[in-house]
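Okay, structure first, notes after.
The values are calculated or read from the model by the stated rules, or taken from the named source; none is laboratory data. Here the structure is a predicted model, which is why all the values come from computation and not from measurement. Glycine also receives a Cβ, built like all others from the backbone with ideal geometry; neighbour counts cover every protein chain displayed.
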Amino acid sequence: MPDPAAPADDPVHAVAAAVLGHRGVVRLDGGPYGTVASYLPGRRRVLGVQVGAGSAHVGVVVRPGVALPRLSDEIGALVRDVLGPVAVEVTFFDIAEDAPTVPPPRRGPHGGAGHAAGGWGRHAGLA
C-alpha cells in the first residue's frame, strides 16, 4: 500500500498509487517469496513494485472478469505516465475470487468502447 508520508517525488509510491487506482487491480503483490518489491530508506518496503534504470516490474492481484492482455497494457501505460518511457513487466499473481467482478466497458453510440463511467477508467481506448 502506498505510504501517505512518502515524498511526492518518490517514483515507487507514485507507481503503486497509479496501479492501485485501476478498477481491475485489487492489490499489489510481491509474489510467493516477495521478490517483486522495492526497498527504501528507513527499512521501508513496497511489495508489488520494482523500479530500475529504464524498467519497472509490477505484481498484482486482479478482479475476476478482467481481460489480462488489456489490463497489462493499461497498467504499462499507467507506469509510463509516472516514469516516462520505460519497459514494464506486469505479473498477475492471482485472481481475487471474492472481489466483485469488473463490469464490461459501456459501448459508445457506434459500438466502440465508451469513455463514460463504467468503462475502463482513463485508459479506456488502450488495447
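With respect to the numbered conditions (1) surrounded by 18 or more Cβ atoms within 10 Å (Cβ to Cβ); (2) in contact (Cβ under 8 Å) with a residue 60 or more places away in the chain, which one is the sole condition not fulfilled by residue 31?
With respect to (1) surrounded by 18 or more Cβ atoms within 10 Å (Cβ to Cβ); (2) in contact (Cβ under 8 Å) with a residue 60 or more places away in the chain, residue 31 is out only on (1).
Kindly list, by first and then second residue, each pair from a residue in segment 50-66 that is closer than 17 Å to residue 82 by Cα to a residue that is surrounded by 14 or more Cβ atoms within 10 Å (Cβ to Cβ) and among the acidic types (Asp, Glu), limited to pairs with Cβ atoms under 8 Å and residues at least 6 apart or on different chains.
Hits for this filter: 55/89; 56/89; 57/89; 58/89; 59/29.
Filtering segment 46-62 down to residues that are exposed (fewer than 13 other Cβ atoms within 10 Å of the Cβ) and not aliphatic (A, V, I, L, M), which residue is farthest from residue 25 (Cα to Cα)?
Only one residue tops the list, namely 54.
Taking the condition assigned to a strand (DSSP E or B) and exposed (fewer than 15 other Cβ atoms within 10 Å of the Cβ), does residue 94 pass?
yes
Could you please let me know if residue 81 is modelled with pLDDT of 95 or more and either aliphatic (A, V, I, L, M) or surrounded by fewer than 16 Cβ atoms within 10 Å (Cβ to Cβ) (or both)?
yes
Kindly indicate the residue of segment 9-22 that is outside any helix (DSSP H, G or I) and modelled with pLDDT of 95 or more and also surrounded by the fewest Cβ atoms within 10 Å (Cβ to Cβ) among those meeting that condition.
Applying the filter and picking the extreme gives 21.
I need a count of the residues in segment 27-86 that are under 11 Å from residue 12 (Cα atoms) and either in a loop (DSSP other than H, G, I, E, B) or of a type in the set (Val, Ile, Thr) (or both).
7
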